[in-house]
Structures are given as C-alpha cells and as structure tokens.
Amino acid sequence: MDQELAPVSPSTGWGVLHLFCRTGRTTDAAAVAAALKEAATDDHQVVTVAMLGHRADLGVLALGPDLRHLRRLQTDLRRAELRVTYSYVSLTEVSEYAAGIPEEMREARLHPRLPPEGKPAFCFYPMSKRREAGDNWYRLPYEDRLALMHGHGKVGREYRGRVLQLITGSTGLDDFEWGVTLFGEHPDDLKDCVYGMRFDEASARYAEFGPFLAGIVGEPEQVLREIGLA
C-alpha cells in the first residue's frame with residue numbers, strides 16, 4: 001500500500017485554486033459532481049460558478065490548508081473529461097499594508113468562508129503592480145505605498161455590503177501578483193466597484209490587469225444543471 005503523502009500547506013493562510021473549465025461530449029457529469037463533493041471536506045471549501053462567455057463553462061474556486069487536496073480535485077475533474085482553459089494559483093494573505101487590523105478581519109482574510117450568502121454575481125481577475133520607468137511601484141518608499149493603499153482601501157469600502165472582495169497573493173506562484181475574486185448581489189455591483197477603483201491612483205497609475213472572468217455562483221447541483229451536465 002502506498003504511504004500517504006504529507007500535506008503541503010502554507011505556514012500562514014490557505015492555498016487557493018481557481019479552475020475554469022470547458023465541458024465536452026465525453027464529460028462525465030456524475031464524476032464531476034463526485035469530485036466536487038469529495039473536495040469539499042476536511043477544512044476545504046469549493047465554490048462552483050456557471051460561467052458566462054466563451055472562456056469557460058464551469059468555474060471552481062477551491063481553498064483550504066493542503067495543496068495536495070486541491071491538486072486531487074484538479075486531477076479528478078480532468079479525469080471526468082473537463083478541460084481546464086484557465087487557472088490561477090494563489091494563497092490567502094494579510095497585506096503588509098494592513099498591519100494592525102482587528103483579529104476578526106485578519107481571520108476573514110486568511111480563512112474566509114465562501115461563498116457569501118446573497119451574492120451570486122461573480123468575477124475573477126489577476127493583477128500586478130506596474131514596473132515601468134516612471135511608474136515603478138517597487139521603487140516607491142514604503143510610506144508612499146502605504147498612503148496609496150490606504151486611499152485605495154477607502155474607495156473599496158464605499159462598496160461594503162454590495163461587494164465581498166477576496167484578494168489572494170500569487171507572487172512566485174502564477175503570472176500575476178494577486179488574484180482578485182469579487183462576489184456581488186447584482187452584476188453591476190461588480191462593474192461599479194472595478195470602475196470606481198480604477199480612478200484611484202494606486203490603480204490608475206500603478207495597476208496592470210489580466211483577463212476578467214464572470215459568472216453566477218450556485219450550489220454544485222444547480223450549476224451543473226445550468227451548464228448542461230445534469
């Protein structure tokens with residue numbers, strides 16, 4: 001019998017895996033449902049999304065303490081004949097600009113409980129800070145970066161209650177530096193939030209964005225029906 005492999009876990013926070021998949025003629029709906037159910041155990045959470053647009057049919061956001069567990073989910077979905085068309089790997093974190101936040105807020109960032117109730121609208125995008133000659137975020141003094149991020153956070157708080165935002169760190173793990181996952185009651189909540197925050201200097205001058213993927217959050221059975229797998 002093979003020896004069980006030890007978990008691979010961050011020293012702080014959880015691993016986060018976004019998978020965006022296309023269905024096909026050979027996709028095994030029962031195997032997809034079983035994989036999602038099996039993954040949502042042992043302190044691991046799975047959020048399912050019926051995706052809009054051509055990039056993917058099914059979105060899966062999985063998070064928890066063991067990267068091996070997340071990898072098994074990816075393997076099981078592949079074996080069910082889902083084709084991953086886009087993915088993102090990151091970790092939950094507390095930003096260096098958020099030192100001293102209350103413990104409740106710190107816990108919510110490191111160990112979030114998802115999906116939020118009453119917010120079915122979903123959007124994910126990756127982003128990085130710019131490194132151009134005149135606008136190099138990493139050449140700014142820490143105090144300047146801190147002031148810019150406090151201003152950025154103030155704009156974001158205008159959408160409190162309308163949008164729940166999960167920012168996960170991916171430097172050294174994926175092509176961008178952060179993954180941003182948004183949940184809203186209405187799709188225009190997400191649109192308004194992203195649009196409003198782009199006028200803030202931290203974004204307008206220093207942010208670079210990857211692709212945006214949008215969809216509708218639901219229970220696995222509901223989502224599989226909406227994408228034609230049940």
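The values are calculated or read from the model by the stated rules, or taken from the named source; none is laboratory data. All values reported here derive from a predicted model rather than from experimental measurement. Reconstructed Cβ throughout: ideal geometry from the backbone, glycine too, with neighbour counts over all protein chains shown. Surface areas here come from the heavy atoms of the whole protein model, side chains and all, with no ligands, DNA or RNA. Shrake-Rupley method; radii C 1.70, N 1.55, O 1.52, S 1.80 Å.
Residue check, Gln222 against (1) under 17 Å from the mean Cα position of the chain (by Cα); (2) of a type in the set (S, T, N, Q); (3) under 28 Å from Leu36 (Cβ atoms), all met but one. Which one?
All conditions pass for Gln222, except number (1).
Could you count how many residues in region 127-159 are in a helix (DSSP H, G or I) and open to solvent by 60 Å² or more (accessible area, probe 1.4 Å)? Steps first, please.
Going through region 127-159, the residues in a helix (DSSP H, G or I) turn out to be 137-139, 142-157.
Now narrow it down to the ones that are open to solvent by 60 Å² or more (accessible area, probe 1.4 Å): 138-139, 142-144, 147, 150, 154, 157.
Count: 9.
In region 79-88, which residues are touching a Ser or Thr at 6+ places or on another chain (Cβ under 7 Å) and surrounded by fewer than 19 Cβ atoms within 10 Å (Cβ to Cβ)?
The one that is touching a Ser or Thr at 6+ places or on another chain (Cβ under 7 Å) and surrounded by fewer than 19 Cβ atoms within 10 Å (Cβ to Cβ): Glu81.
Limited to region 164-203, what total is found for residues that are out of contact with any Asp or Glu (no Cβ under 7 Å at 6 or more places or on another chain), among the polar types (S, T, N, Q) and in contact (Cβ under 8 Å) with a residue 40 or more places away in the chain?
So the answer is 2.
Are any residues in region 148-174 of a type in the set (Ser, Thr, Tyr) and within 19 Å of Gly15 (Cα to Cα), and if so, which ones?
Keep residues of region 148-174 that are of a type in the set (Ser, Thr, Tyr), which gives 159, 168, 170-171.
Once the filter is applied, which keeps residues that are of a type in the set (Ser, Thr, Tyr) and within 19 Å of Gly15 (Cα to Cα), region 148-174 yields Thr168, Ser170, Thr171.
Could you please let me know if Gly228 is at positive phi and over 17 Å from the mean Cα position of the chain (by Cα)? Reasoning before the result, please.
Working: at positive phi: yes; over 17 Å from the mean Cα position of the chain (by Cα): yes.
Here the answer is yes, as Gly228 does meet what is asked.
List pairs: first residue in region 66-78 and of a type in the set (A, V, I, L, M) and open to solvent by 50 Å² or more (accessible area, probe 1.4 Å), second residue at pLDDT 95 or above and not in a helix (DSSP H, G or I) anywhere in the structure, Cβ distance under 9 angstrom, at least six positions apart or on different chains.
Matching pairs, first to second residue: Leu67/Val8; Leu67/Ser9; Leu67/Pro10; Leu67/Gly15; Leu67/Leu17; Leu67/Val89.
So, Thr168, is that one under 20 Å from Val46 (Cβ atoms) and touching a Pro at 6+ places or on another chain (Cβ under 8 Å) or not?
no
Tell me which residues, restricted to region 1-14, are over 15 Å from Thr75 (Cβ atoms) and either in contact with an Asp or Glu (Cβ under 7 Å, 6 or more places away or on another chain) or in a helix (DSSP H, G or I) (or both).
Those that are over 15 Å from Thr75 (Cβ atoms) and either in contact with an Asp or Glu (Cβ under 7 Å, 6 or more places away or on another chain) or in a helix (DSSP H, G or I) (or both): Pro7, Ser9, Gly13.
Counting only residues that are more than 20 Å from the chain's Cα centre (by Cα) and open to solvent by 80 Å² or more (accessible area, probe 1.4 Å), how many does region 193-219 have?
Going through region 193-219 one residue at a time, the tally reaches 3.
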